[in-house]
Amino acid sequence: MKKSLVITLVFLFVVGLFTTALAAEKFEVKGQGSADNNYINYFAKQKPFNDGASTITQTVGADGALTIKYLLQPKGWLGATCDQFQEDWSAFTGLQFKVAGGTKAKIRLELYDANGVSYEAIFIDDSTKGKLVAIPFSSFKTRTDYQPAGVDPDQPFSLVPVKTLNISPLEGKGTIIFSEMRLYK
């Protein structure tokens with residue numbers, strides 16, 4: 001009886017440690033978001049992702065603009081990424097930025113929330129001269145075609161903290177320039 005009680009207590013202790021460690025990692029907040037930050041700078045020195053057949057480069061210039069050059073193969077995937085946020089964006093209404101490219105492609109702005117769930121908002125790159133795009137956080141919807149392993153997409157959307165932001169052209173090829181990415185109230 002004593003032996004099974006000790007084993008049970010040890011098991012509960014270990015489970016408690018893992019649960020606490022995972023919970024602490026899940027909600028690590030490095031700071032508050034700021035309307036003064038140009039979040040494009042967070043994309044510097046990050047590596048884009050792709051399916052191996054599609055190609056993409058992401059560079060942040062001295063002018064603070066993110067240039068994405070890409071060629072998306074049919075049924076392929078790619079994107080510019082930044083996973084350095086870990087900021088509380090709950091005090092803000094959304095994210096705005098300037099975009100220029102004129103590729104006429106659909107662009108996915110993908111945000112990974114505090115629970116690791118992937119949310120998306122899609123817009124069209126339809127201006128060669130550049131335009132301001134403002135996307136309220138209420139426009140982000142749970143991605144239905146992909147979720148990271150082990151996440152529960154039924155968890156409520158949480159901006160405390162935002163973990164990752166991806167920009168993914170969904171068709172064609174071209175060059176798109178993003179600048180002045182800021183939070184707004």
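The values are calculated or read from the model by the stated rules, or taken from the named source; none is laboratory data. What you are looking at is a predicted structure, and each value in this text was computed from that prediction instead of being measured. Quick reminder, even Gly has a Cβ in these numbers, built from the backbone with ideal geometry, and neighbours come from all protein chains shown.
With Val133, Val151, Val160 as the choices, which residue is in contact with a strand residue (DSSP E or B) (Cβ under 6 Å, 6 or more places away or on another chain) and farther than 26 Å from Thr103 by Cβ? Before you say what the answer is, go through the steps one by one.
Details: Val133 fails: farther than 26 Å from Thr103 by Cβ; Val151 fails: in contact with a strand residue (DSSP E or B) (Cβ under 6 Å, 6 or more places away or on another chain).
Criteria check complete, one pass: Val160.
Checking each residue in segment 153-167 for being at pLDDT 95 or above, polar (S, T, N, Q) and part of a loop (DSSP other than H, G, I, E, B) picks out only Ser158. What number goes with the only condition from (1) closer than 29 Å to Thr128 by Cα; (2) in a helix (DSSP H, G or I); (3) at pLDDT below 95 that Asn37 does not pass? With (1) closer than 29 Å to Thr128 by Cα; (2) in a helix (DSSP H, G or I); (3) at pLDDT below 95 applied to Asn37, the lone miss is (2). Evaluate the following for Gln46: is it touching a Cys at 6+ places or on another chain (Cβ under 8 Å) and within 21 Å of Leu170 (Cα to Cα)? Yes.
In segment 130-138, is there at least one residue being crowded, with 18+ Cβ neighbours inside 10 Å, of a type in the set (S, T, N, Q) and not in a loop (DSSP other than H, G, I, E, B)?
Filtering segment 130-138 for residues crowded, with 18+ Cβ neighbours inside 10 Å gives 133, 135, 137.
Checking which are of a type in the set (S, T, N, Q) leaves us with none.
No: zero hits.
Just wondering, is there one or more residues in segment 54-70 that are without any contact (Cβ under 8 Å) to a residue 40 or more places away in the chain, in contact with a Phe, Trp or Tyr (Cβ under 7 Å, 6 or more places away or on another chain), among the β-branched types (Val, Ile, Thr) and closer than 21 Å to Leu183 by Cβ? There is at least one residue in segment 54-70 that is without any contact (Cβ under 8 Å) to a residue 40 or more places away in the chain, in contact with a Phe, Trp or Tyr (Cβ under 7 Å, 6 or more places away or on another chain), among the β-branched types (Val, Ile, Thr) and closer than 21 Å to Leu183 by Cβ.
Residue-wise test of (1) at pLDDT 95 or above; (2) of a type in the set (Val, Ile, Thr); (3) more than 15 Å from the chain's Cα centre (by Cα).
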residue: Thr8; (1), (2), (3): no, yes, yes
residue: Thr55; (1), (2), (3): yes, yes, yes
residue: Phe85; (1), (2), (3): no, no, no
residue: Phe92; (1), (2), (3): yes, no, yes
residue: Gln96; (1), (2), (3): yes, no, no
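Restricting the first member to segment 94-106 and to residues that are outside any loop (DSSP other than H, G, I, E, B), and the second to residues that are basic (Lys, Arg), the beta-carbon pairs closer than 9 Å and six or more apart or on different chains are Gly94/Lys185; Leu95/Arg182; Gln96/Arg182; Phe97/Arg182; Lys98/Lys131; Val99/Lys131; Ala100/Lys129; Ala100/Lys131.
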